[in-house]
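J.: Structure incoming, see below.
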Amino acid sequence: MQITILQAILLGLFCFLVSTGMFPLGWLSMNIMSKPLIHCLIIGMIMGDMKNAMIIGCVIQAAYIGQMSIGGVATLPKINIALWFALPLTLVSGGDAAECLTIALAFAAVQNILDTVGNLVKVGFLHRQDALIEKGKIKQAWWFPAAGHIWTMVSCLVIVPVFCLAGSAVISSIVSALPPQINAITSTFTGLLPAIGFMILMVTLIHSPFQWIYFLFGFVLAAALGWDTISITVVGCVIAYLIFQFTPDKKMAAAGVEEDDD
Amino acid sequence: MTQNTERLQALKSDKKFVNKAFWAYNWSIPMNFTRERMLGCSMVSMLARVADEIYPEDVEKQKELCRNHEVFFNTQQGLGAVIYGIVLGMEVERAHDDTITNELIQSIKQALAGPLAGLGDSLIQALITPILISIAIGLSTEGSILGALFLFAAYTVINAILCLTLFKTGYKYGIIGAETLVSSNMKERVIPAFEALGITVIGGVLAGIMNVKTGLVASFGQTSINIQTDVLDAFFPKILTLVICFIVYYLVKEKKWSATKIMLWMIPVAIIGYMTTILA
């Protein structure tokens with residue numbers, strides 16, 4: 001039994017829809033749609049083998065129960081796109097969850113690179129949104145960033161059907177052909193990016209050079225002392241309250257001056 | 001001006017307006033999440049969607065509204081609904097009263113983002129979701145479709161109730177808080193306090209997210225000194241991150257470089273930096 005071309009295309013299509021996070025209910029369903037069990041639900045429907053899809057899906061989901069996204073970074077290797085060719089190939093070969101996971105995890109390094117390129121593409125569309133706003137095209141600016149998913153579309157619609165039809169041997173040869181530095185360079189680049197977003201924010205907030213001392217304080221608490229964000233916020237509240245307490249109330253001071261004049 | 005104030009007062013209890021903004025928040029979150037601004041884009045999108053109701057006919061004000069939020073912002077998207085609501089409420093108030101400054105809104109936004117991220121991740125990602133998943137696995141382990149369907153339905157309903165309630169509560173209290181501030185005589189004391197809080201939290205979040213390291217190792221015959229661990233970390237932790245940030249700040253503020261230009265320059269810097277081990 002082979003994966004039919006129609007099935008391969010449907011798999012690519014639904015992989016894309018699910019990977020954008022916008023299907024079917026936007027944020028309301030975004031997190032849950034990214035869970036392996038739900039991927040397997042749809043894959044089972046397309047492949048016409050719900051029973052095995054669910055059995056394998058439960059095993060994989062149990063392994064991935066600890067998967068979280070902290071600050072946009074996943075805690076376990078991402079298999080979201082890989083599942084869409086790994087599971088169908090496993091279903092037609094009659095394999096088990098272990099075989100499915102092996103194929104999916106082998107793809108993880110490539111997934112990393114795809115994600116970084118995708119991030120770059122999305123940043124391009126993000127800046128284009130800024131440009132649209134400058135031009136006054138506010139209505140268009142609202143939905144425009146969604147077009148950044150074009151990379152998701154290209155990668156899902158190409159990779160999933162091709163790998164489904166090509167088979168697992170092709171997948172391993174492609175993965176082993178990648179030079180190892182690419183991953184490291186993309187990590188370095190991605191590590192520099194947040195500086196842009198943060199500093200644009202600081203340009204808005206800082207109107208006196210002395211305010212940098214608060215920034216350095218928060219920075220030191222996290223970098224040198226290793227504090228978590230909530231603790232830093234608590235200390236920040238203390239500082240804020242002290243400032244509030246010790247800033248003279250101008251109206252009362254003015255009233256005091258008036259009384260003195262009498 | 002009175003007509004504008006009346007219109008904005010009506011907006012404060014306009015359910016259609018809040019619903020429109022809520023759905024804008026909902027659809028904007030998955031649109032464009034990048035390392036550069038994370039959820040910052042979705043905040044801009046939500047405000048762009050309702051900008052012409054806050055500032056009808058005034059394109060310059062609409063532009064300013066959106067431009068103000070083109071900054072880094074990250075939180076847990078579900079509990080974070082309260083922040084979107086608060087920002088919306090405060091922007092509506094700011095539309096007719098200058099006391100509410102953009103700096104105040106940004107500070108409150110950033111100060112709330114951190115704790116809600118921690119709370120949201122612990123509550124939703126680490127607690128509620130695994131519980132639902134365990135139930136679902138129990139139902140589907142023999143091949144039944146029930147578990148997966150249950151997982152989707154239960155999560156979506158819980159999430160929907162949570163987010164809608166938080167968004168509307170945030171909007172209501174954003175307005176109440178802003179009105180209280182405007183009518184009180186504490187503004188000059190409250191605003192610098194909030195700004196200090198916001199800036200402190202930003203410093204902390206940035207240090208948590210970024211970690212620029214060097215791979216340089218100085219070798220003298222037998223001994224080698226790892227510049228990062230032996231020299232820089234001993235001097236001041238994450239000092240390279242600070243240096244990069246100050247460089248970027250200078251480029252944005254003094255040289256007026258656009259975000260795109262800085263990003264494009266970062267590509268060769270990352271490549272050459274890595275190949276020469278200056279950056280690791």
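The values are calculated or read from the model by the stated rules, or taken from the named source; none is laboratory data. Because the structure is a prediction, the values reported are computed rather than measured. As a convention, Cβ positions derive from the backbone with ideal geometry for all residues, glycine included, and neighbour counts pool all protein chains shown. Remember, those area values only see protein heavy atoms, side chains included, never the ligands or the DNA or RNA. Shrake-Rupley method; radii C 1.70, N 1.55, O 1.52, S 1.80 Å.
J.: Could you please let me know if B:Gly143 is more than 18 Å from A:Gln67 (Cα to Cα), part of a helix (DSSP H, G or I) and open to solvent by less than 20 Å² (accessible area, probe 1.4 Å)?
T.: In short, no.
J.: In segment B:86-124, which residues are small (Gly, Ala, Ser) and closer than 23 Å to B:Lys20 by Cβ?
T.: B:Gly89, B:Ala95
J.: Sticking with this structure for a sec: So which of B:Ile267, B:Ile227 is open to solvent by less than 70 Å² (accessible area, probe 1.4 Å), under 22 Å from B:Gly40 (Cβ atoms) and modelled with pLDDT under 90?
T.: Values: B:Ile227 fails: under 22 Å from B:Gly40 (Cβ atoms).
Just one listed residue meets the conditions, B:Ile267.
J.: The conditions are (1) β-branched (Val, Ile, Thr); (2) in a helix (DSSP H, G or I); (3) more than 15 Å from the chain's Cα centre (by Cα), and A:Ile113 fails exactly one of them. Which is it?
T.: Going through the list (1) β-branched (Val, Ile, Thr); (2) in a helix (DSSP H, G or I); (3) more than 15 Å from the chain's Cα centre (by Cα), A:Ile113 breaks only (3).
J.: Next question. Name every residue in segment B:29-68 that is open to solvent by less than 20 Å² (accessible area, probe 1.4 Å), outside any helix (DSSP H, G or I) and of a type in the set (A, V, I, L, M, F, W, C), in order of residue number.
T.: Answer for segment B:29-68, where residues must be open to solvent by less than 20 Å² (accessible area, probe 1.4 Å), outside any helix (DSSP H, G or I) and of a type in the set (A, V, I, L, M, F, W, C): B:Ile29, B:Met31, B:Met38, B:Leu39.
One line per residue, one yes/no per condition, for (1) at pLDDT 95 or above; (2) β-branched (Val, Ile, Thr):
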{"residue": "B:Asp52", "(1), (2)": "no, no"}
{"residue": "B:Val71", "(1), (2)": "no, yes"}
{"residue": "B:Leu79", "(1), (2)": "no, no"}
{"residue": "B:Gly85", "(1), (2)": "yes, no"}
{"residue": "B:Leu88", "(1), (2)": "yes, no"}
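J.: Continuing with this model, one more query. In this structure, does B:Asn19 turn out to be modelled with pLDDT of 95 or more, farther than 21 Å from A:Ile200 by Cα and either open to solvent by 10 Å² or more (accessible area, probe 1.4 Å) or assigned to a loop (DSSP other than H, G, I, E, B) (or both)?
T.: yes
J.: Now for a different question. Mind counting the residues in segment B:123-140 that are in contact with a Leu (Cβ under 9 Å, 6 or more places away or on another chain) and either of a type in the set (Asp, Glu) or open to solvent by 60 Å² or more (accessible area, probe 1.4 Å) (or both)?
T.: Here the count works out to 3.
J.: Just a yes or no: is a residue in segment A:176-193 without any contact (Cβ under 8 Å) to a residue 60 or more places away in the chain, not assigned by TED's automatic domain parsing to the domain that holds A:Ala86 and not in a helix (DSSP H, G or I)?
T.: Scanning segment A:176-193 turns up no residue that is without any contact (Cβ under 8 Å) to a residue 60 or more places away in the chain, not assigned by TED's automatic domain parsing to the domain that holds A:Ala86 and not in a helix (DSSP H, G or I).
J.: Being away from every other protein chain (no Cβ under 11 Å) and either more than 18 Å from A:Leu221 (Cα to Cα) or touching a residue at least 24 places away in the same chain (Cβ under 8 Å) (or both) narrows it down to one residue among B:Ala280, B:Ala234, B:Ala218; which is it?
T.: None of the other options fit; the residue is B:Ala218.
J.: Answer with yes or no whether A:Ala146 is facing chain B (nearest Cβ under 7 Å), within 21 Å of the chain's Cα centre (by Cα), in a helix (DSSP H, G or I) and at pLDDT 90 or above.
T.: yes
J.: Of these, A:Ile65, A:Ile55, which one is assigned to a loop (DSSP other than H, G, I, E, B), open to solvent by 20 Å² or more (accessible area, probe 1.4 Å), more than 30 Å from A:Ala177 (Cβ to Cβ) and among the β-branched types (Val, Ile, Thr)?
T.: A:Ile65
J.: State yes or no: is B:Lys213 part of a loop (DSSP other than H, G, I, E, B), more than 7 Å from chain A (Cβ to nearest Cβ), open to solvent by 30 Å² or more (accessible area, probe 1.4 Å) and of a type in the set (D, E, K, R)?
T.: Yes, satisfied.
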